[in-house]
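First up is the structure itself, then whatever we jot down about it.
A short reminder: the numbers here are calculations on the coordinates, not readings from a lab. Note that the structure is a prediction, hence the values are computed from the model and not measured. In this analysis, Cβ positions are derived from the backbone assuming ideal geometry, glycine residues included, and neighbour counts consider all displayed protein chains.
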């Protein structure tokens, strides 16, 4: 188990489109495990591989409901709308209000290489959209309709 340094904006790795994972091997599993440890160590609820300098399509999330690892995640449908405040481990000291889908359907692979399909709404839908954006080089201030310095 290792805790990685989380890259912060304006690191160029955060702006690159991530490549799909072609083979799930010991290295991929080790990165996922270390992403989990890094996310929890930073008190985060989601982390994408580019945030630790790995330009591969992998995310880990745990908004308090349950821990998920998704390899090559794709949002296949969106429904409704929610406006919520977001922060990001890679954009420290800032929060922003973003318009996101209220419900999403996501497909991808689990760590055993099996296809998973999940439906999410509320905070889990927001976290999934936020982390999948990271895989395309998008940070929350890019889509926020208001960004401010975090007052916490």
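Descriptive notes on the structure:
- Simple label model, 7 Å out from Cα along Cβ direction - residue 16 to residue 116, nm: 2.6
- Ordering of 17-24, 102-109 by packing is 102-109, 17-24, highest average first (other Cβ atoms within 10 Å, averaged per residue).
- By the helix-only formula, in which each DSSP H run with n ≥ 4 contributes -39500 (n - 2.57) and the sum is divided by residues, the chain has a 222 nm mean residue ellipticity of -6500 deg cm²/dmol.
- With the Kirkwood sum run over all distinct C-alpha pairs, the stretch 70-152 has a hydrodynamic radius of 13.4 Å.
- Centroid-to-centroid, using Cα positions, the stretch 1-41 and the stretch 111-136 are 15 Å apart.
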